[in-house]
1. Out of the residues in segment 211-233 meeting the condition of being among the aliphatic types (A, V, I, L, M) and over 19 Å from Asp290 (Cβ atoms), tell me which one is surrounded by the fewest Cβ atoms within 10 Å (Cβ to Cβ).
2. Within segment 275-297, restricting attention to residues that are of a type in the set (Gly, Ala, Ser) and in contact with a strand residue (DSSP E or B) (Cβ under 7 Å, 6 or more places away or on another chain), which residue is surrounded by the most Cβ atoms within 10 Å (Cβ to Cβ)?
3. Can you go through Leu223, Leu227 and tell me which one is in a loop (DSSP other than H, G, I, E, B) and on the phi > 0 side of the Ramachandran plot?
4. Among all residue pairs at least 6 apart or on different chains, which show Cβ distances below 7 Å where the first residue, located in segment 236-260, is within 21 Å of Ala78 (Cβ to Cβ) and open to solvent by 40 Å² or more (accessible area, probe 1.4 Å) and the second is of a type in the set (Gly, Ala, Ser) and assigned to a loop (DSSP other than H, G, I, E, B)?
5. Can you list residue pairs whose Cβ atoms sit under 6 Å apart, with the first residue in segment 283-303 being of a type in the set (Asp, Glu) and the second being open to solvent by 10 Å² or more (accessible area, probe 1.4 Å) and assigned to a loop (DSSP other than H, G, I, E, B)? Count only pairs 6 or more apart in sequence or on different chains.
6. When only residues in segment 44-75 that are aliphatic (A, V, I, L, M) and under 17 Å from the mean Cα position of the chain (by Cα) count, which is surrounded by the fewest Cβ atoms within 10 Å (Cβ to Cβ)?
7. Quick one: which residue in Gly145, Gly136, Gly114 is open to solvent by less than 20 Å² (accessible area, probe 1.4 Å) and out of contact with any Pro (no Cβ under 6 Å at 6 or more places or on another chain)?
8. Quick check on segment 181-208: of everything there that is of a type in the set (D, E, K, R) and not in a helix (DSSP H, G or I), which residue is least open to solvent (accessible area, probe 1.4 Å)?
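The values are calculated or read from the model by the stated rules, or taken from the named source; none is laboratory data. What you see is a predicted model; the values in this text were computed from it and never measured. When we count neighbours, we look across all protein chains shown, and the Cβ atoms used for this are built from the backbone with ideal geometry, even at glycine. With ligands, DNA and RNA removed, areas are computed over all heavy atoms of the protein, side chains included. Shrake-Rupley method; radii C 1.70, N 1.55, O 1.52, S 1.80 Å.
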Amino acid sequence: MNSPLLAEGGAVAPFDGNPDQGVPWHFGDPFSEQRSASRSVAVFDRSHRAVVAVAGDDRLTWLHSLTSQHFTSLGEGAGTEALILDVQGRVEHHAVVANVGGVVYLDTEAERVGELLSYLTRMVFWSKVEPRDASGELAVLTVVGPEAPALFERLGVPLPQGPHGVVALEGGGFARRMPWPGHDAVDLVVPRASLVRWWRRLTDAGARAAGSWAFEALRVESLQARLGVDTDEKTIPHEANWVGRAVHLDKGCYRGQETVSKVHNVGRPPRRMLLLHLDGSREVQPETGDPVLVGERVVGRVGSVALHHELGPVVLALVKRSVPPETELLVGAEDRRVQAAVDPDSVPPDTPGLGREAARNLGR
């Protein structure tokens, strides 16, 4: 569904094929919008995200059994991130979570919500849970920037404490503190009928109106994977830096857990998500799904492509772990191929292996 904020002054719609259809791409100056989010405060329309609501007495134990996250320890007024994996441990769904007012809310990519809700509905069985699509009722706004706390104080809106803290909002919805993008981010999940009112309230109080171009650039800088953009059908959680954030390593059995445990304790993921700096001398950019190459050998896949206000042209890419970080890379299809270099700060540390004897014992 298209956001009513596309009719706001200065709003520019995204180009065809952009994954953020339905919300403003920018408001005239995407680089200035990024700077505002980095140095002061900006608000982003993310109302194209879908929201699934799970009510019922068994919601936490039920979600605990289905997902990669430890839901039974998720208290009232707490949030997290979670994955649903297939039997081979490959990522099928990613959601940002809030447990508030006796309901667990899962917000996710709109194109995946049908499959997610279908899976959850099939898995109800005898559990006292009621999963439903609440996208028509709730919409996501995200406030980013070091002046966010002052903005909320001026508005008299309660600010959640700590990463993933959640508080209910007067009039419906909730605010959720987020650890990305940047260090000061808050998701406001508000009644969809009040979306424009909330937007104007925030911008009138000093938040810069900003579009998805700026949000995506900041997300890429924060090394946060996006489902269906930075992942493909083979992606496992370790490759997208989701272990520890969306995957709890000390919980009971769930689908795909064997792969998670084996890769974490014994092996290494076959690929890793890296930030690549592109040679900006050519007026071309790679596209999502394009190859990453060493010479003529394909060693990876391009995910998010962004123009950052300080970093310039950058991409997130899944690259074979065997490729040394200092290797010179080529990125893109033949008609848009550019040179690229790995940002060394984006290389994730290896998890310590258990050794050969422990590996043999684990396989028994």
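1. Leu223
2. Gly280
3. Leu223
4. So the pair list comes out as His248/Ser68.
5. Correct list of pairs: Asp290/Ala333.
6. Val52
7. Gly145
8. Asp187
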